[in-house]
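Chemist: There's a structure below that I have some questions on.
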Amino acid sequence: MRSLVLIGHGSHLNPESAAAVYAYADLLRQRGLFDEVVEGYWKEEPSLRQVLRTVSYTDVTVIPMFISEGYFTETVIPRELGLGHQGPVPPQGVARVIGGRTVRYTLPYGVHPRMSEVILARAREAYPEMNAEDTALIVLGHGTTRNENSSRIVHQNAERLREGGEFAEVHTFFLDQDPKVTTWREQVKATNVVLVPFFASEGWHTLETIPEDIGLTGEVTVFAADPEAEPGSQPDYAQTVYYSKPVGTHPAIAEVIMQLAEDAHGASAQGDIERGHHDAWSALIQLASDTLRLGEVIVRPVEGMFELRHALDEGKANEGLRTVVTPEGVGEQVRLDERGEYRPVHTLRNLARGWRAVLCERDLARALHLLYPAVVEETYAHHHHALRCTPWAATARRQTGIYAKVQKATPQQVEAVANDVCGGCLKTRLWAGEVLHQTFFSGVPGGIPCAEACTLLVAEVREEVSGKRGQGAAVHG
Ligand code: SF4
């Protein structure tokens, strides 16, 4: 019995940020290679700190859904998962036993050799007439001077495509390291140039910074010869640039992820049912078989199924509510509040009303996971005195990169931010010394523990320390 965990970045601001990871997880679920597929996020729930608690089996494969190696795949994800590994991940991955689970951590999907095929597919899409006589390919990466691994994969793909012989020239350029993409005309000689962004998704860089930096006007841009150009600085003839969509959104990425999952699957040993997880959900289903009040919802048995709805809609006629019949349908209802605003923390007391879900037992578990990620597992553990809390000081000490700044926050600053952010949350802050005697397992709907400050709170504390809190969209998405 094996679990697959897909790790995405997620966002505190953008409800669509995790859409691709959810979609790939669905595909892998349909493929049936693993007995379950769950998602975990850096900026959403379940967080990287929680996600291993949400898996059902003791053999767990973790794939980072990132386009390149770098800070997240080598530092943040291993640290937050508790892998005890930092730095480059070897080709065979990293395997550790964590809390009784064997966890296999793979390279990110973007380093898979089949990514070269995806780049080629994007190039053909952007310029179907491309040929090896007069077409140059530019593979454009983000790059960073802080981690040379993040550019290595761009160079490797370029090398593979060079060997393939489909282009007269193959170049690599970057936004944040040399060679900078702004210098492309000094190096690219061909009259036709296909520019493929090696980026995970369409966004600020692909839609704004890249076109602005180079002067692209659309999918096809003709750069006229510059008669005043310094000799040798750029061609004294026109060049046409065909700008493709980013590689990370190509449908063939699903195949790359499948391949990665299949490779990892082959390496896996046989796992068992994870006892703590199993016991938590068995106890929950038993409560739901009578009537369960959990957070803002009520769950009750209806004709061999379970019905889930907002507790404030308890007396409402079914006809007056939208009925959904899948866990994903529940996921849709809970992502936004009634004003259409994104809910990055699922236990904030702003769950939208006006819907009901009718689900079988298996789908109820997944729906509750989407509604309140990791809440059943963590609350059950707390109920049995087995939930370890992480005090603020330890959370702050663990932060690196732009979040290391939170180590400077005074206790008063943390408390002020927490009063603001956590004031609207159902959870009780055990990490701040609050005490929770009763949980929904003992009949108190809002009895949900918070074992560790969430990433939204960490981001808000950072803004407070930087003196930027309250200045619009200050929280890092
Ligand atoms: Fe809720 Fe605060 Fe815990 Fe975040 S830190 S989950 S807002 S109680």
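Chemist: I'd like the distance between the alpha-carbon centres of region 36-97 and region 397-466, rounded to an integer number of Å.
Modeler: Centre-to-centre (Cα) distance: 23 Å.
Chemist: Also, I was wondering about something else. Largest first and in whole Å, what are the equivalent-ellipsoid semi-axes of the chain based on the Cα gyration tensor, each being the root of 5 times an eigenvalue?
Modeler: Three semi-axes, in Å: 45, 24, 22.
Chemist: Separate question: If Lys and Arg each add +1 and Asp and Glu each add -1, what is the summed charge of the other residues whose beta carbon sits under 12 Å from the beta carbon of Ala95?
Modeler: Here the charged neighbours net out to +2.
Chemist: What's the local net charge at Asn318, with K and R +1, D and E -1, over the other residues with C-beta under 11 Å away?
Modeler: +1
Chemist: Mean residue ellipticity at 222 nm from the helices of the chain, using -39,500 (n - 2.57) per DSSP H segment of n ≥ 4 over the full residue count, to the nearest 500 deg cm²/dmol?
Modeler: Per the formula, -9000 deg cm²/dmol.
Chemist: Only Lys, Arg, Asp and Glu count, each charged at its Cβ (+1, +1, -1, -1), so figure out the dipole size of region 30-121 about its Cα centre, rounded to 20 debye.
Modeler: Computed charge dipole of region 30-121: roughly 200 debye.
Chemist: So how do 406-415, 153-162 stack up, highest first, on mean other-Cβ count within 10 Å?
Modeler: Ranked by mean Cβ neighbours within 10 Å, highest first: 153-162, 406-415.
Chemist: Moving to a separate point now. Angle between the Cα long axis of helix 253-267 and the longest principal axis of the chain, 0 to 90 degrees, nearest 10?
Modeler: So the inclination is approximately 60 degrees.
Chemist: Okay, moving on. Once the Cα gyration tensor of region 160-261 is diagonalised, what are the square roots of 5 times its eigenvalues, in whole Å and ordered largest first, as equivalent ellipsoid semi-axes?
Modeler: For region 160-261, the ellipsoid semi-axes come out as 27, 16, 12 Å.
Chemist: If only Cα atoms are counted, what is the Rg of region 118-197, and what is its Dmax, in Å?
Modeler: 12.1, 38
Chemist: Just for the chain, what percent of DSSP beta bridges are antiparallel, to the closest 5?
Modeler: Just about 40 percent of them are antiparallel.
Chemist: Using alpha carbon coordinates only, what is the Rg to Rh ratio of region 69-203, with Rh defined as the Kirkwood radius?
Modeler: The Rg/Rh ratio comes out at 1.06.
Chemist: For the chain, with the dipole built from +1 on Lys and Arg beta-carbon atoms and -1 on Asp and Glu ones, taken about the Cα centre, which of Gly295, Tyr237, Asn192 lies farthest toward the positive end?
Modeler: The Cα lying farthest towards the positive end belongs to Gly295.
Chemist: With respect to the cross-link table entries Lys245/Lys408; Lys405/Lys427; Lys43/Lys408; Lys43/Lys468; Lys245/Lys405; Lys245/Lys427, which display a Cα-Cα separation exceeding 30 Å?
Modeler: Over 30 Å Cα-Cα: Lys245/Lys408; Lys245/Lys405; Lys245/Lys427.
Chemist: Magnitude of the Cβ-charge dipole of the chain, K/R +1 and D/E -1, about the Cα centre, nearest 20 debye?
Modeler: Rounded to the nearest 20 debye, it is 1740 debye.
Chemist: Now, a different point. What is the angle, in °, between the Cα long axis of helix 19-31 and the longest principal axis of the Cα atoms in the chain? Nearest 10 is fine, range 0 to 90.
Modeler: 80
Chemist: Moving to a separate point now. Add +1 for every Lys or Arg and -1 for every Asp or Glu among the other residues with Cβ under 12 Å from the Cβ of Ile153, and state the total.
Modeler: Residues close to Ile153 contribute a combined charge of -1.
Chemist: Using only Cα atoms and rounding to the nearest 10 degrees, what angle (0 to 90) does helix 115-126 make with the longest principal axis of the chain?
Modeler: Result, in degrees: 70.
Chemist: Give the Kirkwood hydrodynamic radius (Å, one decimal) of region 294-358, defined as one over the mean of 1/r across all pairs of different Cα atoms.
Modeler: So the Kirkwood estimate lands at 12.1 Å.
Throughout, read-outs are computed from the coordinates displayed, never taken from laboratory work. Bear in mind that the values here come from a model prediction, so they are computed numbers and not experimental data. Cβ atoms come from the backbone with ideal geometry, glycine included; neighbour counts cover every protein chain shown.
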